[in-house]
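Only one structure is covered here, and it is reproduced in the block below.
The values are calculated or read from the model by the stated rules, or taken from the named source; none is laboratory data. This structure is a prediction, so every number in the text was calculated from the model and none was measured. In this analysis, Cβ positions are derived from the backbone assuming ideal geometry, glycine residues included, and neighbour counts consider all displayed protein chains.
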Amino acid sequence: MTQTTSTFEALGLSPALLRALAENGFNQPTPIQQQAIPLALAGHDVLGGAQTGTGKTAAFGLPLLNRLGKATPVNGPRKPRALILVPTRELAVQVSDNLRTYARYLRMSIGAIFGGAGMGPQVDLFRRGVDVLVATPGRLIDHMDRGSVKLDAIEVLVLDEADRMLDMGFLPAIKRILGKLPKQRQTLLFSATFEARIKQLALEFMHDPYQVQVAANNTIAETIAHRAHPVDGSRKRDLLVKILTERFEDQVLVFGRTKHGCNRLAEQLEEAGLKAVAIHGNKSQAQRQKALNAFKAGKARVLVATDVAARGLDIPDLPLVINYELPMVAEDYVHRIGRTGRNGASGEALSLVGMEEGPLLAQVQKLLRQEVELVTVEGFAPARPLQLTGAMPNPRRKAAHRPHGAAPKRHAHAGPKQGPSRRRSGGRQGSAG
């Protein structure tokens, strides 16, 4: 019999994790979290079918942190006890940021390494000690070759977006890394698809895994109009002020990428005579709630937010969402614009796109499976036409990675069991959470 839980408390997570989830507006587990978390908490290997946007980071991150948080903290430098492999630098930063949010009340070090960034600070990270390591395969192998990282204490391995890593040619690197990990460990693999090569990968290195799968949650309301204004980055703020001034009757949610940037933008809007408040991870829960209450009560017309801070917000009847900066991960666009166009109401998603953000807009269009209307605002035409192809921008703290390395073969294990919604081999059924 399949069971579901409507609260994180019912999943059996520690009080420290529950406190952090509540303070960040995470009130109800998603379907993948309901299915995967109880299995992972019980120590099982899990083969999860879920795309970005379904809550999969918490599905593997919460049980991982719950497990590590039970151990007595070690004094002095620590070896990584959990390893999360991801395909891109953007995902490495996003996953590590999310884990830090969840682990706010745990004594735990979380670090991310990826190619293109300097090796020195990453070597220092290992010298200081890190409990949870988020890494792209190529850069991790660089450190393995240098001897700056030891993986013999890994208790939990996560492969996030495994299908994408295989598409990018990381299979040899992944197998090489797996050969350095303890055989006795818990392994969680998440993939958007369960094609043959993913199942083969699971057969090779997972121990009797449960299989869970949910549909993608990237449904976009048809009542939302998508538009983008090409503009030079240096003139974005002026264009935003113009839009907000002209649409004086609307309350608007504005998304930025960084905590400092959101804070500064809210201050600049105030200076321009627009009532604005900001919410981000550096603000206390009381400060965030005060800002949100001011926005909901109409005392502030503009709410400027980062992606993490805005998750879980319940703001009904919001007519307009503005992407002051496009997200580095296209699926986050869906989360952002989901604040408008609810329950059949019309809504508008407006993006201010700088020249370096063309490739990001291309990713959004691919995800939407439609072109976003480009409208040049009179007086704000960019110095050169917007190019939707080319290299991805390098935001601060983020850099490119590369495929790397050859790999020895790994031993085989038993195949996946069916998860909560399906019969498990051997006649037993998996917990549905």
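Matching residues to (1) part of a strand (DSSP E or B); (2) within 24 Å of the chain's Cα centre (by Cα); (3) loosely packed, with under 15 Cβ neighbours inside 10 Å:
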residue	(1), (2), (3)
Gly169	no, yes, yes
Arg176	no, no, no
Ala202	no, yes, no
Asp208	no, no, yes
Val212	yes, yes, no
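Screening Gly358, Gly379 for residues that are part of a helix (DSSP H, G or I) and at pLDDT 90 or above leaves exactly one candidate, Gly358. Among the residues of this structure, Arg100 counts as one that is closer than 16 Å to Ala59 by Cα and charged (D, E, K, R). Inspect all residues belonging to the range 277-299 and state whether any of them is modelled with pLDDT of 90 or more and part of a strand (DSSP E or B). Yes, the range 277-299 contains at least one residue that is modelled with pLDDT of 90 or more and part of a strand (DSSP E or B).
Taking each residue of the range 357-369 that is more than 14 Å from Val334 (Cα to Cα) and looking for partners that are of a type in the set (Asp, Glu) with beta-carbon atoms closer than 8 Å, six or more apart or interchain, yields Glu357/Glu325. Considering the range 28-66, the residues that are within 16 Å of the chain's Cα centre (by Cα) and part of a loop (DSSP other than H, G, I, E, B) include one that is surrounded by the most Cβ atoms within 10 Å (Cβ to Cβ), namely Ala50. Per the conditions (1) on the phi > 0 side of the Ramachandran plot; (2) in contact with a Lys or Arg (Cβ under 7 Å, 6 or more places away or on another chain), the sole criterion not satisfied by Gly55 is (2). Taken together, Arg89, Arg127 contain a single residue that is of a type in the set (Lys, Arg) and surrounded by fewer than 20 Cβ atoms within 10 Å (Cβ to Cβ), which is Arg127.
Scanning the range 179-228 for residues that are in contact with a Phe, Trp or Tyr (Cβ under 7 Å, 6 or more places away or on another chain) and modelled with pLDDT of 95 or more returns Thr187, Leu188. Taken together, Gly256, Gly147, Gly169 contain a single residue that is over 29 Å from Pro327 (Cβ atoms) and small (Gly, Ala, Ser), which is Gly147. List the residue pairs whose Cβ atoms are under 8 Å apart, where the first residue sits in the range 221-248 and is in a helix (DSSP H, G or I), the second is among the basic types (Lys, Arg), and the two are 6 or more positions apart or on different chains. These pairs meet every condition: Leu244/Arg301. Apart from one condition, Glu267 fits all of (1) at pLDDT 85 or above; (2) under 24 Å from the mean Cα position of the chain (by Cα); (3) surrounded by fewer than 16 Cβ atoms within 10 Å (Cβ to Cβ); the exception is (2).
Across the range 325-356, which residue is surrounded by the most Cβ atoms within 10 Å (Cβ to Cβ) among those that are closer than 21 Å to Ser234 by Cα and under 19 Å from the mean Cα position of the chain (by Cα)?
Among residues in the range 325-356 that are closer than 21 Å to Ser234 by Cα and under 19 Å from the mean Cα position of the chain (by Cα), the one surrounded by the most Cβ atoms within 10 Å (Cβ to Cβ) is Leu326.
For Gly69, the criteria (1) modelled with pLDDT of 85 or more; (2) under 29 Å from Thr193 (Cβ atoms); (3) surrounded by fewer than 24 Cβ atoms within 10 Å (Cβ to Cβ) hold in every case but one, which is (2).
Filter the range 13-27 for residues that are touching a residue at least 24 places away in the same chain (Cβ under 8 Å), within 19 Å of the chain's Cα centre (by Cα) and at negative phi and give the result.
Scanning the range 13-27 gives Leu17, Ala20, Leu21, Glu23, Asn24, Phe26, Asn27.
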